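Where a number appears in this text, it was derived from the coordinates with a stated rule and is not lab data. Just so it is clear, the structure is predicted and the values come from calculations on it, not from any experiment. Every residue, glycine as well, gets a Cβ built from its backbone with ideal geometry; the counts of neighbours run over all protein chains shown.
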Amino acid sequence: MSRPLVKVCGMTRMEDVELCVDLGVDLLGFIFHPKSPRQADPDFVASVKTGKVTKVGVFVDQTADEIIETMDRCGLHAAQLHGGHDMDACWKIGPDRVIRVFWPEAYASSDDLLRALDRYAEVCGHFLLDAGRTGQGGTGTTIDFKTLQDIEIHTPWFLAGGLAPHNIKEALTLNSPGVDINSGVESRPGIKDASKLREILTILAEDTE
């Protein structure tokens, strides 16, 4: 069994970018949200050259046009939408470039969640399922894995929400095609901890051999 795609979010320093690339991370996330302690400078993001690693912009309040402008300026391959953007916005940005965020705990049942996912399946290349009930990510809160144990999601998706070396093995039991890692591999917001990054990548490699 191959390991899931690995996305490390909240990148603010070139040394962290370079380490992630060296470790074989598949996607890097750059946050464009003024209220986030991990907000990335657009000039920095534009300067990042990652080769085959996918550059993802994380957006909350921006319109589709603003997102597209930032993607063009910064050389982003995909947009992760945390702001409850509607289907029209996803179409405008481009379904193959959209990772739309959903919060399972905000739904009364798994059936309600699946109905919401089904509505967006045609306009999103990927989903991301995060902890909590709001558009604010990177809180370190761990998603309730039990809410996702008995559902089948057909669109490729990432599991997020407080993933760290101590709980990544449990997260892998959900068989998500991708994992999104942020606060669980930091020494402080926006500053990645090299030892934690290496540890979680080692666990992922060993557990999926």
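If you wrap a convex hull around the C-alpha atoms of region 26-102 and split its volume per residue, what is the figure in Å³?
Here the figure is 90 Å³ per residue.
Pairs of alpha-carbon atoms within less than 8 angstrom and 6+ residues apart define the contacts here; what relative contact order does the chain have, in percent?
Value for the chain: 21 percent.
In Å and from the alpha-carbon atoms only, list the Rg and Dmax of the chain.
Cα radius of gyration and Dmax of the chain are 15.8, 43 Å respectively.
For a quick check: sort Ile31, Ile200 by the number of other beta carbons within 10 angstrom, fewest at the front.
Ile200, Ile31
Among the listed pairs Lys52/Lys196; Lys49/Lys196; Lys92/Lys169; Lys49/Lys169; Lys52/Lys169; Lys35/Lys169, give every one whose C-alpha distance is greater than 29 Å.
Violating the 29 Å Cα-Cα cut-off are Lys92/Lys169; Lys49/Lys169; Lys35/Lys169.
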